[in-house]
Amino acid sequence: MIGRRLDYIWNRKISYEEYLQNAVDYHMRCIFAYPDQLDFASKVLAGSDVRIACAIDFPDGIMKLDKKVEAFQKLIDLGYYEIDYVLNQENIENKDYEQIELEMQTIADLCRKHHVVDKAIVEMCKLDDLAKEEVCRIAARVKPAFLKTSTGKSFGGATIDDVKLMRKILPECVKIKASGGIHSLTQANEFIQAGADVMGATKALEIAQEE
């Protein structure tokens, strides 16, 4: 069932309630809820296996680490158990590997302490192959729950080659999320074959309906 591989992104062309009901009907892996939507989402999804996630510093990746940690703690205190976040993009663009590892490790430690799934977003499109490999090696050491290709909001999204590279370097315990430009069931299956565990898509409903 492809829905179990899809993080379903609300495209705002439908109501939030319809979005949630679609997630239940097509057995999506997770949906996203801002804090002011959390109670409503929890009620609609009650009894289903759809996870509720939230995102931090999305899509810009401009927060300093101390502020990002504060944001994580607030969401954890609200009861979130899955959080996507964008690695600081100044560090990514400058290939500041020391700071990238510090951020990833700090967030991973906090999330493990509270049994929260952390999904670190890179923006692979901004990096050359050597830098992509180094970021993957950092993730292999730190072991976040997920390493995610992209926000889908930059100039490039997920690519098969990037996912294959990630899978080659990352241990099995670090899952891969591909996001950005995945619009069909055929594409989704190609990413799964390349090594992606999960895909983020605004077209998740259309992908699930193809199955």
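Points 7 angstrom from Cα along the Cβ direction at residue 17 and residue 193: gap in nanometres?
Between residue 17 and residue 193, the label points sit 4.2 nm apart.
Test of understanding: ordering 167, 29 by Cβ neighbours within 10 Å, fewest first, what list do you get? Kindly include the intermediate steps, with their values, before the conclusion.
On the way: 167 16, 29 24.
Listed from fewest to most nearby Cβ atoms, that is 167, 29.
Which of these values of log10 I(q)/I(0) by the Debye sum over Cα atoms at q = 0.11, 0.16 Å⁻¹ was calculated from the structure shown: (i) -0.48, -1.05; (ii) -0.56, -1.10; (iii) -0.62, -1.04?
Label of the calculated value: (i).
Run the quick spin-label model on residue 167 and residue 130: label points 7 Å from Cα toward the beta carbon, then report their separation in nm to one decimal.
Taking the two extended label points, one gets 2.7 nm.
Which order results if 106, 151 are arranged by neighbouring Cβ count within 10 Å, fewest first?
Ranking 106, 151 by Cβ neighbours within 10 Å, fewest first, gives 106, 151.
Treat the count of other C-beta atoms within 10 Å as a stand-in for reagent exposure and order 154, 184, 15 from fewest to most.
15, 184, 154
Say each of residue 94 and residue 185 gets a label point 7 Å from the Cα, pointing the same way as Cα to Cβ; how far apart are those two points in nm?
About 4.7 nm separates the two model spin labels.
Taking Cα centroids, how far is region 113-169 from region 23-83 in Å?
Taking the Cα centre of each part, region 113-169 and region 23-83 sit 20 Å apart.
Read the figures in this text as sums done on the coordinates, not as results from a lab. Everything numeric in this text was worked out from a predicted model, so none of it was measured. Note that we place each Cβ from the backbone using ideal geometry, even for glycine, and neighbour counts take in every protein chain shown.
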